[in-house]
Amino acid sequence: MKKLVVASGNKGKIKEIKAILGDRYEVVSMKDEGCNLDVEETGSTFLENALIKARAIGEYLHEDVISDDSGLMVEALGGAPGVYSARYAGVHGDDALNRKTLLKNMQGVTDRRAKFVSAVVLYRQDGSFVTGEGETLGVIIDKERGENGFGYDSLFLSDDLGVTFGEESDEEKNSVSHRSRALSDLIKKL
């Protein structure tokens, strides 16, 4: 089975990618491969950031690398938090503070439409790459529901599932998630 390195330190993201691609690849984290590079995401889109990360980690490890950049886009907030989803509150990776900031910014807002967006890049050792993109639609609710998932999952009421991603099992979430759809798009191109 071909090894595929995930260019991320996000345990939730790595777990989802393993669950979705695990029967096709031996999915390992970059840390499993001894890589602790902190790649600065300077792109203005999810796809640009995914490529920046995949290329940097791929060139460092000389391995095939998959990178995902994803986030939440809220209609009434002009697409925010967008590419800043993981650091929306000013601190990278503080999910609880990011959710609190989102709820504060959504006070009094009636248009609560939102979507999760994902861009994935498979960067190969020869410098070539393949991309995939996906999204899933929903609304932001006014208080957290559910203990599953990570990030904004407990605030995102999925149009597909009728419950928040935080209330659903990993399997159900992965069946309709933005990341799953982006990976499916990528797989079709391989």
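The values are calculated or read from the model by the stated rules, or taken from the named source; none is laboratory data. Keep in mind that this is a model prediction, so the values were computed, not measured. Using ideal geometry, Cβ is built from the backbone for each residue, glycine included, and neighbour counts are taken over all protein chains shown. Only protein heavy atoms, including side chains, enter the accessible area calculation; ligands, DNA and RNA are left aside. Shrake-Rupley method; radii C 1.70, N 1.55, O 1.52, S 1.80 Å.
Miscellaneous remarks
- Accessible surface ranking that places the most exposed of Asp64, Asp142, Asp111, Asp160 first, with a 1.4 angstrom probe: Asp142, Asp160, Asp111, Asp64
- Sulfur and carbon atoms: percent of accessible area, region 34-74 [1.4 Å]: 48 percent
- In terms of overall dimensions, region 1-85 has a Cα radius of gyration and Dmax of 13.6, 45 angstrom.
- Computed with a 1.4 Å probe on the full set of protein chains, the accessible area for Lys31 sits at about 120 Å².
- Pairs of Cα atoms nearer than 8 Å and 6+ residues apart set the relative contact order; for region 1-138 it is 23 percent.
- Solvent exposure, largest accessible area first (probe 1.4 Å, DNA, RNA and ligands not counted), of Arg55, Arg113: Arg113, Arg55
- FRET efficiency, 1/(1 + (r/R0)^6) with R0 25 Å, evaluated for Asp38 and His62 via beta carbons: 0.85
- Mean accessible surface per residue for region 95-185, computed with a 1.4 Å probe while every protein chain stays in place, in Å²: 47 Å²
- For region 26-132, the spread of Cα coordinates along the three principal axes comes to 50, 25, 24 Å, biggest extent given first.
- The largest-to-smallest principal axis extents of the Cα set in region 89-190 are 49, 31, 25 Å.
- Average silhouette area of region 59-105, convex hull of alpha-carbon atoms, in square nanometres: 4.4 nm²
- For region 1-48: rounded, prolate or oblate by the Cα gyration tensor [a/c cutoff 1.5]: prolate
- Descending semi-axes in Å of the chain, equivalent ellipsoid built from Cα gyration tensor: 28, 17, 14
- Tilt relative to the chain, helix 178-189 - C-alpha long axis, 0 to 90 degrees, to 10: 30 degrees
- Computed Rg/Rh of region 137-190, alpha carbon atoms with Kirkwood Rh: 1.04
- Full-extension gain in nm, Met1 to Val91, via 0.36 nm per residue minus C-alpha separation: 28.6 nm
- Listed residue pairs exceeding 28 Å between alpha carbons, taken from Lys2/Lys53; Lys100/Lys188; Lys3/Lys100: Lys100/Lys188; Lys3/Lys100
- Axis angle, to the nearest 10 degrees, between helix 46-61 and the longest C-alpha principal axis of the chain: 30 degrees.
- Förster-model FRET efficiency, 22 Å R0, Lys15 and Ser175, C-beta, rounded to 0.05: 0.90
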